[in-house]
Amino acid sequence: MTRDIPENPGLEGLEAKWNALWEERGTYRFDRSKTRDEVFAIDTPPPTVSGSLHMGSVFGYVQTDSHARYRRMAGKEVFYPMGWDDNGLPTERRVQNHYGVTCDPTLPYDPDFSPPEAAHQPARAISRRNFIELCHILTAEDEKGFEGIWRTLGLSVDWSQTYATIDEHSRRTSQQGFLNNLKRGEAYSQEAPVLWDVDFRSAVAQAELEDRDRPGAYHKVAFRLTDGTPLYIETTRPELICSCVALVAHPDDSRYQHLFGTIAISPLFGVELPIVSHELADPEKGTGVAMICTFGDTTDVTWWRELQLPTRAVIQPDGRLQTPTPEWLAGNGAAAYTEIAGLYPNQARARMAEMLAVSGDLDGEPRPITHPVKFYEKGERPLEIITSRQWYIRNGGRDDDLRKDLLERGEQLHWVPDFMGVRYRHWVEGLNGDWLISRQRFFGVPIPVWYPVAGDGSVDYDNPIIPEPDQLPIDPTSQSPIGYDESQRSKPGGFVGDPDIMDTWATSSLTPQIAGHWLDDPDLWQRVFPMDMRPQGPEIIRTWLFSTTVRSHYEHGTLPWESATINGWILDPDRKKMSKSKGNVVTAQDLIEEHGAEAIRYWACNGRPGVDTAIDTGVMRIGRRLAIKILNASRFTLGLSEDLDASSITEPLDRSMLAALAMVIAQATTAFDGFDYSRALEVAERSFWEWTDDYLELVKSRAYGDGPASASAHAALQTALGSYLRLFAPFLPFVTEEVWSWWREGSVHRASWPTTAELADHLGDAEVMAVTSRVLTAARRAKSDAKVSMRAEVETLEVVADAATQDRLRLAEPDLIEAARAGSIEYREGETFAVRVELAPLPGD
RNA sequence: GGGCGUUUAGCUCAGUUGGCUAGAGCACUGCCCUUACAAGGCAGGGGUCGGCGGUUCGAGUCCGUCAACGCCCACCA
């Protein structure tokens, strides 16, 4: 025996051992000499770097890794990069909490500021540049931690192909992409009402909204017609009566036909308002008359735009009602306004209710209701709508032709599972505006433009000053455009920099271009794009998947990838969706330490594509047991003899076993080609347990002997083991690599995927193994029923079977007699298969 | 309010174009320390497939409908 097989092989230490060796040997290094058709490129989701890794991430990434490993073995050169999403608000929040700081852009840069050991209490305000430096420091630490976990889990990522969505390369790619959109007219800026988060003081895009049910109250309020007749409306936002610009009812509402075109006067404020008609007014809601404010909700925006109403905005970017009395109010109206000036909406609402009650314009008590209110998904207060200048990228929300094109892209994409494509379609069909990409935040990729300042000091937003490509990336708030210098910043005749940053999706929608080095490495780019696979979660179809599709459609006129594989949700052990707010998040680190990487991988790969899956430590234990079983079965097989040529496989039972294995290989391959890793694992696993439980037991006795029959068993065992190790390699990379190293040169992960062709010359009748197992099982059952050891002797085995089955059993008879410890086998002709077992008398009986 | 998904043994899940007495693992029960494996092996009990109604010679598997759960979307008066 020259093989170095441990006496008592175990799983401990395999992760560290093989990760070090894989790194040293460059096992997963991308070979960029391969051409596009030889490459399998994966657009890996860059995880949000946020301290601890969520089990939901582990789930999807491990599934993707199993597929990457399959493709690599199946002959593709796998382009498998890793990115970190450290751009944007989650990082800002984390920095604020971690260091106890807030960003105040008005402060000067402090070059001596160093990261505090502990969080400042209370929070300390620092400059934007200091703040951004902290963002970089913290994300760099977190990224190291994440990489460590991914390596422990055995992701076969090429770690030389990494990026961060805030790094220089990503910023340049993102800014160039934006400038290309701008040049082609796909990006534009416009002053318009936007949904606004008053805490973050930033605009928010449609894709980032969520509805939450909140308590509210209908206030029935009397407006007055010119003759003094009350006209009642119901509103949940009486504080906005001061910003009312019209009253509206449905054009077919007979109750109000006579009022269209006339005037109503607002209570307390005395503003004259036209009474108009519009189809969005719902006769069923309230009194059928609604007040139109600028702006209380998105319907107001629609009415305002379509009915060409004036703007009377009072809500400020900080969420308060403006302090100066609005110009459209005068006299008693102006006096009434002073009661609510400077208040937050909820405070103003209460005050208005009091004032309306006193003036007699409130009919009855406010009626409490629960209603859906729009929130920023990361926000804590309801969104307001304010008017501001923002940048947009056209996404079909305002253009039917473009919408049709993008829907067509969704049809072209191969969705796994296919029903996920419906979510894309519904999202695109439901878009109601273009993609708002500017954010009034600090840590992100700057909008890369400046604006000329005219002699009168006004800013010319319609003619932005564009940087040259070789200047990118730029920060227009600290760099000046070519032809200007810093002394001209914000001066008449000079320039101003756009102060905003881009939405995180405006950058991560370019992950194929970033990872594939679209701008700076055309040679690499043409080898990897369009990519093959986009794995991701279902919740970001509307954001990441869609936005990536939009950018690629514009930039390259193609889909960014051929297939999108959508993983399921992770549920906690009680089948509740895990979320930080529920406090039921289980971190990956703990589970990996407790169960080991192979167990976690097995659990993840057991989850069907796209199917919600609960964290289940029971499944993890099964995976661990499978890994240990592989070690032990390998030790048995490889301890028997040196390598034998497969031509030694002559015994019918051995050839039968290989015939069954060939079918398993075919099934697993078909499953993987359809992105169904879980099916591939399932068929391999079922087959492997049968192999160890039945085949190994049947041939054990023969294998311990000598001669050609023994050699046949050895060679068949080796051949089968070689197949099983490769079938399991995508799922259990450490244990399969360990066994492979006892035996073969090179990495199992660069070995070729098993094929039926390589077994073709050694196949027999698969039924021989099947019927022999049935007889063996019958013998075991008899012993179990008699409560005796499996080693107990059988006097006779009497098999009732048809002639064909008898013939098959005779082919394996010596093995069956040994395994069952039977004295003899007798056959009787019969249609129905049956086995009668007569146990030998026990010694002493 | 609309859409998508899920609902099969106590638990976690398979069941691919409808077809032999519905499968696996865990858990449970019994037996076995058999020289690959006792953090193991062998064997066994246990579901009529969410409800109702159809199509069919035959349905867990197709159609309709209802319900529960999850997710996504929806103009907040």
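The values are calculated or read from the model by the stated rules, or taken from the named source; none is laboratory data. The model shown is predicted, which means the values in this text are computed figures rather than measured ones. Here the Cβ is made from the backbone with ideal geometry for all residues, glycine too, and neighbour counts use every protein chain on show. SASA here: full protein model, heavy atoms, side chains in, ligands and nucleic acids out. Shrake-Rupley method; radii C 1.70, N 1.55, O 1.52, S 1.80 Å.
Structure summary
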| quantity | calculated |
| --- | --- |
| Angle in degrees between helix A:707-728 and the longest Cα principal axis of chain A, rounded to the nearest 10 | 0 |
| Proximal aspartates and glutamates to A:Lys285, defined as alpha-carbon separation beneath 17 angstrom and excluding residues fewer than eight positions away on the same chain | A:Glu234, A:Asp252, A:Asp253, A:Asp297, A:Asp300, A:Asp363 |
| Kirkwood-based shape ratio for the stretch A:319-467, expressed as Rg/Rh from alpha carbons | 1.10 |
| Normalised contact order of chain A, rounded percent, pairs of Cα under 8 Å and 6 or more residues apart | 14 |
| Leading residue at positive end of dipole, chain A (Cβ point charges), from A:Ala820, A:Phe375, A:Pro448 | A:Phe375 |
| Packing-based ranking, highest mean first, of A:430-443, A:21-34 given that Cβ atoms within 10 Å are counted | A:430-443, A:21-34 |
| C-alpha long axis of helix A:55-73 to longest principal axis of chain A, angle in ° | 50 |
| Accessible area, probe 1.4 Å, largest first, for residues A:Asp213, A:Asp158, A:Asp282 | A:Asp213, A:Asp282, A:Asp158 |
| Shape of the stretch A:377-420, Cα gyration tensor, a/c cut at 1.5 | oblate |
| Unit charges on C-beta of K, R, D, E only; dipole of the stretch A:342-473, Debye | 500 |
| Among A:Val276, A:Cys293, A:Thr387 the positive-end extreme of the charge dipole of the stretch A:268-398 (Cβ point charges) | A:Thr387 |
| Protein accessible area in chain A, 1.4 Å probe - carbon and sulfur % | 48 |
| For A:Lys404, solvent-accessible area (1.4 Å; no DNA, RNA or ligand), Å² | 150 |
| Accessible area (Å², per residue) of chain A, counting only protein heavy atoms and a probe of 1.4 Å | 42 |
| Crossing angle, helix A:400-412 versus chain A [Cα axis fit, 0-90 degrees, rounded to tens] | 10 |
| Over the stretch A:585-670, relative contact order from alpha-carbon pairs under 8 Å, at least 6 apart, % | 23 |
| Loop-located trypsin sites (Lys or Arg not before Pro) in the stretch A:166-214 whose Cβ has at most 15 other Cβ within 10 Å (DSSP) | A:Arg184, A:Arg201 |
| About the Cα centre, charge dipole magnitude for chain A (Lys/Arg +1, Asp/Glu -1 at Cβ), debye | 920 |
| Student exercise, the stretch A:639-738 dipole from Lys, Arg, Asp, Glu Cβ charges, in Debye to nearest 20 | 180 |
| Length gained when the stretch A:Glu798-A:Ala330 is fully extended (0.36 nm per residue, less Cα-Cα span) | 157.7 nm |
| Heavy atoms of A:Tyr451 accessible to a 1.4 Å probe, total area in Å² rounded to 10 | 10 |
| Nonlocal amide H pairs with A:Ser202, under 5 Å, H built at 1.01 Å | A:Asp197 |
| Long-range amide H partners of A:Val449 with built H, under 5 Å | A:Asp498 |
| Loop-located trypsin sites (Lys or Arg not before Pro) in the stretch A:278-364, at most 15 other Cβ atoms within 10 Å (DSSP) | A:Lys285 |
| Residues A:Asn8 and A:Asp616, FRET efficiency given R0 of 30 Å [Cβ-Cβ distance, rounded to 0.05] | 0.55 |
| Ellipticity estimate at 222 nm from DSSP helix runs (n ≥ 4, -39,500 (n - 2.57)) divided over chain A, nearest 500 | -12000 deg cm²/dmol |
| Neighbour-limited loop hits for GluC sites (Glu not before Pro), the stretch A:694-787 (at most 15 other Cβ within 10 Å; DSSP other than H, G, I, E, B) | A:Glu745 |
| Cα-based shape type of the stretch A:211-308, given that a ≥ b ≥ c are square roots of the gyration tensor eigenvalues and the cut on a/c is 1.5 | rounded |
| Cα gyration tensor category, rounded, prolate or oblate, for chain A with a/c compared to 1.5 | prolate |
| Exceeding the 29 Å Cα-Cα cut-off - candidates A:Lys183/A:Lys404; A:Lys220/A:Lys374; A:Lys76/A:Lys700; A:Lys374/A:Lys491 | A:Lys76/A:Lys700; A:Lys374/A:Lys491 |
| Relative contact order of the stretch A:377-495, defined on C-alpha pairs under 8 angstrom at six or more residues apart (%) | 22 |
